[in-house]
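Worksheet: the structure to be examined is printed underneath.
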Amino acid sequence: MIKATRVLSNEMSEADTRHSKRVGIWFGIIFSLEGVLIGAASAICSATNHFDLFFPVMALIVGAHFFPLAHLFRIKTHYITGLLLCLLATITLLMVPARVTLGNHQIVAWWTVVGFGSGLILWGAGVTVWLTGSRLLNKAQNGDNQF
């Protein structure tokens with residue numbers, strides 16, 4: 001998609017340039033805060049000897065970071081992604097046992113459920129954003145500026 005956009009005009013108005021700069025700054029703030037919170041969660045879970053909580057807590061943090069990004073980038077599907085990640089983490093903590101035994105193997109069920117569930121949610125979000133971007137790119141290439 002990046003290669004296909006090279007044929008489009010990259011001219012921006014002064015207002016668009018200012019908006020783009022603000023978006024970049026806020027993205028950096030949101031992304032940095034997410035990293036700090038994940039680092040703090042890791043340290044707290046480790047220090048309190050509850051590291052099994054780390055992946056569900058991290059899914060809550062990652063899910064929560066999608067809400068300001070949805071507003072910032074005006075991508076409504078990010079609200080759904082954030083909601084699904086937060087629900088996955090919450091339901092996992094409330095309904096799934098922390099560990100299960102399969103045969104002679106003990107599995108950290110919270111990590112497994114959150115890991116595979118988050119993967120599915122994020123892949124779905126990625127495909128959705130890609131399809132939306134492709135649709136907008138086709139409109140732009142056809143001269144339709146009504147996004």
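The values are calculated or read from the model by the stated rules, or taken from the named source; none is laboratory data. Here the structure is a predicted model, which means the values were calculated and not measured. Don't worry about glycine lacking a Cβ; one is built from the backbone with ideal geometry, like all the others, and counts go over all protein chains shown. For the accessible areas, the whole protein counts, side chains as well, though only heavy atoms, and no ligand, DNA or RNA atoms are used. Shrake-Rupley method; radii C 1.70, N 1.55, O 1.52, S 1.80 Å.
Worth pointing out:
- Residue in region 138-145 that is among the polar types (S, T, N, Q), open to solvent by less than 50 Å² (accessible area, probe 1.4 Å) and in a helix (DSSP H, G or I) present: no
- Filter result (of a type in the set (Val, Ile, Thr) and loosely packed, with under 14 Cβ neighbours inside 10 Å) within region 42-69: Thr48
- Considering (1) farther than 20 Å from Gly117 by Cβ; (2) touching a Phe, Trp or Tyr at 6+ places or on another chain (Cβ under 6 Å), the lone condition that Phe55 does not fulfil carries the number (1).
- Residue count for region 106-127, restricted to those that are in a strand (DSSP E or B) and modelled with pLDDT of 95 or more: 0.
- Where His19 falls short, out of the listed (1) more than 19 Å from Gly126 (Cβ to Cβ); (2) surrounded by 17 or more Cβ atoms within 10 Å (Cβ to Cβ); (3) not aliphatic (A, V, I, L, M): (2)
- Residue satisfying condition, being out of contact with any Asp or Glu (no Cβ under 8 Å at 6 or more places or on another chain), among the β-branched types (Val, Ile, Thr) and open to solvent by less than 50 Å² (accessible area, probe 1.4 Å), within set Thr90, Thr81: Thr81
- Taken across region 13-34, residues that are closer than 25 Å to Thr132 by Cβ, acidic (Asp, Glu) and modelled with pLDDT of 95 or more do occur, with at least one present.
- One residue alone among Gly103, Gly39, Gly63, Gly35 is over 24 Å from Leu136 (Cβ atoms), small (Gly, Ala, Ser) and over 18 Å from the mean Cα position of the chain (by Cα), and that residue is Gly103.
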